Amino acid sequence: RTSGGAAGIQNSAVVFAGANPSVTTTTEELNQSAAVITAAAWAAGGSLSTSRRSMHGGQCGLQDAGLAVGGFLGPPGRTGASEEYDGSSWTSGGTAPTKSSRGLAGIQTAAIEFGGLPSGPASTNTSSVYDGSSWTSAPTLNNSRGYTPTGGGTSTATIAMGGYAVPGDNYVTVTEYFNGSAWTAQAG
């Protein structure tokens, strides 16, 4: 029902974690060949070490080099755990400083997370980068945003869109770009 994250490209993807109805560690992989005229098939993959849902926005990486970050454990808490997928199994990565609802972009060994809910019901403008083993602070966004802002790109050429700011209950409509050293709000 509520998938935790997904990574990959159109014909080779992985989806993992979520809630159905309770949080899970399940992983499924999609493989589709352009040379075959049959439907693609989902197959079981390795299980995450930590059951969770509502992980950082969309997750990132590829089917054989995915990255799962943060999320809700179900009552009572959240996790900042990162796990890396090699196409068959998950291994622990560095612990992210913000535990849930972050935007995420990049690849398994070079990712950026931004916005989100650090530990309670308030949005943040912080961001951090991942080098494949640990997370470090990065420049702050110009606008706080929570509840999974949408992101895309690489860890040094990122776009952050949308999100839901709390408290205040309003949608963030500002788009920002990250160039590896600063976030810049975009007009229009």
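Please enumerate the residues belonging to the range 129-143 that are on the phi < 0 side of the Ramachandran plot and surrounded by fewer than 19 Cβ atoms within 10 Å (Cβ to Cβ).
Hits for the range 129-143 are ASP131, SER133, SER134, THR136, SER137, PRO139, THR140, ASN142.
In this structure, does GLY163 turn out to be closer than 17 Å to GLY66 by Cβ and either touching a strand residue (DSSP E or B) at 6+ places or on another chain (Cβ under 6 Å) or among the small types (Gly, Ala, Ser) (or both)?
no
Conditions: (1) outside any loop (DSSP other than H, G, I, E, B); (2) buried (at least 21 other Cβ atoms within 10 Å of the Cβ). LEU73 meets all but one. Number of the miss?
Single failed check for LEU73: (2).
Among the listed residues GLY116, GLY153, GLY87, GLY163, identify the single one that is at positive phi, of a type outside the set (S, T, N, Q) and more than 15 Å from the chain's Cα centre (by Cα).
Going through GLY116, GLY153, GLY87, GLY163 in turn, just one is at positive phi, of a type outside the set (S, T, N, Q) and more than 15 Å from the chain's Cα centre (by Cα): GLY87.
Mind listing just one residue for me: the one in the range 155-174 that is of a type outside the set (A, V, I, L, M) and modelled with pLDDT of 90 or more and, of those, surrounded by the fewest Cβ atoms within 10 Å (Cβ to Cβ)?
Within the range 155-174, the match that is surrounded by the fewest Cβ atoms within 10 Å (Cβ to Cβ) is THR156.
Take the range 85-118 and flag every residue that is open to solvent by 30 Å² or more (accessible area, probe 1.4 Å) and either among the charged types (D, E, K, R) or touching a Pro at 6+ places or on another chain (Cβ under 9 Å) (or both).
Of everything in the range 85-118, those that are open to solvent by 30 Å² or more (accessible area, probe 1.4 Å) and either among the charged types (D, E, K, R) or touching a Pro at 6+ places or on another chain (Cβ under 9 Å) (or both) turn out to be ASP86, PRO97, LYS99, PRO118.
Which ranges mark the strands (runs of 3 or more DSSP E) fully within the range 83-169 that have 2 or more residues being among the β-branched types (Val, Ile, Thr)?
Per the criteria, 150-154, 157-161.
Based on what the data block shows, is GLY93 more than 12 Å from the chain's Cα centre (by Cα) and closer than 28 Å to THR27 by Cβ?
yes
Which residues, counting only those in the range 175-186, are open to solvent by 50 Å² or more (accessible area, probe 1.4 Å), of a type outside the set (Ser, Thr, Tyr) and outside any strand (DSSP E or B)?
ASN179
I need the full set of residues from the range 43-70 which are over 20 Å from SER155 (Cβ atoms) and part of a strand (DSSP E or B), in order please.
ALA43, ALA44, ARG52, ARG53
The values are calculated or read from the model by the stated rules, or taken from the named source; none is laboratory data. All values derive from a computational prediction rather than experimental measurement. When we count neighbours, we look across all protein chains shown, and the Cβ atoms used for this are built from the backbone with ideal geometry, even at glycine. Side chains included, ligands, DNA and RNA excluded: accessible areas come from the protein's heavy atoms. Shrake-Rupley method; radii C 1.70, N 1.55, O 1.52, S 1.80 Å.
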